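Report on the following structure.
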Amino acid sequence: MDSYIYIITALLPLTAGMVVLQVNPYHALIMRGILGAVAAMLYAVLGAADVALTEALVGTMLAITLYAVAVRSSLVMRLGVLQEEGMELGSNSFVEGKSKDHVQQLTNALRTLLAKHYMRLELACYPNPKALHQALLAKEVHATCAQPSQRITKESYENKQSTSLERYPYQTQIRVHRLYEILQTELSSLGTTLIDVDAVDAKDSTEGNP
Amino acid sequence: MIDALSYTCMGVGIIFWFWGTLPLLGPRSVLFKLHSLSVADTLGSMLIVIGLLLKIPREWPLLILAILSLSIWNTVLGYVLAYCSNTEEH
Amino acid sequence: MTVVLMAMILALLIPIYEAWQEDDIWQTMLAFASIATKTSVMILVVSVLRDDWMIGVVGAIILSVGNAALMLLAHIIKRMGEL
């Protein structure tokens, strides 16, 4: 055995450790590509040409592409908003309404907060509050954002939130509990009230409300 | 004689590799790094493969294919990376 | 010939270190492109060193096909930045 084989072999645990220690999923994908290239070289140097070819084609090309698609479509938060508010976000014409200003502010705050966790924010528009609520129940969106007066509010919750409603005109309902936990830690910068829908539904069912 | 020539080619190729890769460590912009990397790296790789070709002329179709794919792919890849990293900023 | 290979391994360590400490995703992509080219050229060198035709074929295939994965990945990451 020549000495260079040992050095090339040592590169494999080095790059594998880099993949494991990387926290950003997109960087980890590229690290996986580097690991694939180094592994293919090691296999070829050790004499396993077929394994090296498979590693390069499947392990690097196919796996990376599939992982990239999976990471991109899973690390996203879909936020349902009402139609007229959502339309305002795309255009630059800034109407001097307080509500539009508020939604813009809220989505910007959400974007910066989610970027810390390597997630993206996607907006989905719905024509009326009922469709918005249906989409939340049908799991089309992860969270909805609207003024509470427009939605089907539960009486037991109006009392509790009456104080915060005056400060924040918008209310965000979140279906995914982990997202709720993440957003709760930075609640002050968001300027909205958060409701964990899972908890609400569970409590409703125990109380016997429809 | 041919042996010395092939070793010279490989040595110059490796010098090109270091030349192209060392700017990666600096705090320069992506496009600057891409330029040095694509030019010097591709030239270095092609010189190394030419050195190998001089050493074993028997395997010429394989090594010629390697040189061709190196030059074509690295050019295309340079364009694609520059295009992608540029639109990302705007 | 072994000295040549040692120098190549040394040159390979530079982009690996770069990919490790870099935060910008495009600079990491550059390091990946550099590593992909370097490893396949090293496979070719080893094949000539050992006079093994089979390894040489694998090296040429990896060299010509492996870069396609890079371009796919670059486009997907660009789409990610847009949304």
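Please verify whether C:Val48 is within 19 Å of B:Leu37 (Cβ to Cβ) and either facing chain B (nearest Cβ under 7 Å) or of a type in the set (Phe, Trp, Tyr) (or both), treating the condition exactly as stated. When the stated conditions are applied, C:Val48 does not pass them. Among residues belonging to the range A:16-55 that are polar (S, T, N, Q) and without any contact (Cβ under 8 Å) to a residue 24 or more places away in the chain, point out the one that is surrounded by the fewest Cβ atoms within 10 Å (Cβ to Cβ). Across the range A:16-55, the extreme among qualifying residues is A:Thr54.
The numbered conditions (1) open to solvent by 40 Å² or more (accessible area, probe 1.4 Å); (2) farther than 19 Å from B:Leu70 by Cβ; (3) facing another protein chain (nearest Cβ under 7 Å) are all true for C:Tyr17 except (3). Among the residues examined, C:Ala74 qualifies as out of contact with any strand residue (DSSP E or B) (no Cβ under 7 Å at 6 or more places or on another chain) and either at the interface with chain B (Cβ under 8 Å from one of its Cβ atoms) or without any contact (Cβ under 8 Å) to a residue 12 or more places away in the chain (or both).
Taking the range B:15-27 as the range and being more than 7 Å from chain C (Cβ to nearest Cβ) and surrounded by 14 or more Cβ atoms within 10 Å (Cβ to Cβ) as the test, the residues that pass are B:Ile15, B:Phe16, B:Trp19, B:Gly20, B:Pro23.
The set of residues in the range A:37-70 being at the interface with chain C (Cβ under 9 Å from one of its Cβ atoms), under 30 Å from A:Leu137 (Cα atoms) and either modelled with pLDDT of 90 or more or out of contact with any Leu (no Cβ under 6 Å at 6 or more places or on another chain) (or both) consists of A:Val69 alone.
Do we find a residue being within 29 Å of C:Trp20 (Cα to Cα) and open to solvent by 10 Å² or more (accessible area, probe 1.4 Å) anywhere in the range B:46-59? Yes: one or more hits.
The values are calculated or read from the model by the stated rules, or taken from the named source; none is laboratory data. Computed from a predicted model, the values in this text were never measured in an experiment. Note that we place each Cβ from the backbone using ideal geometry, even for glycine, and neighbour counts take in every protein chain shown. Calculation scope for accessible area: heavy atoms of the full protein, side chains included, ligands and nucleic acids excluded. Shrake-Rupley method; radii C 1.70, N 1.55, O 1.52, S 1.80 Å.
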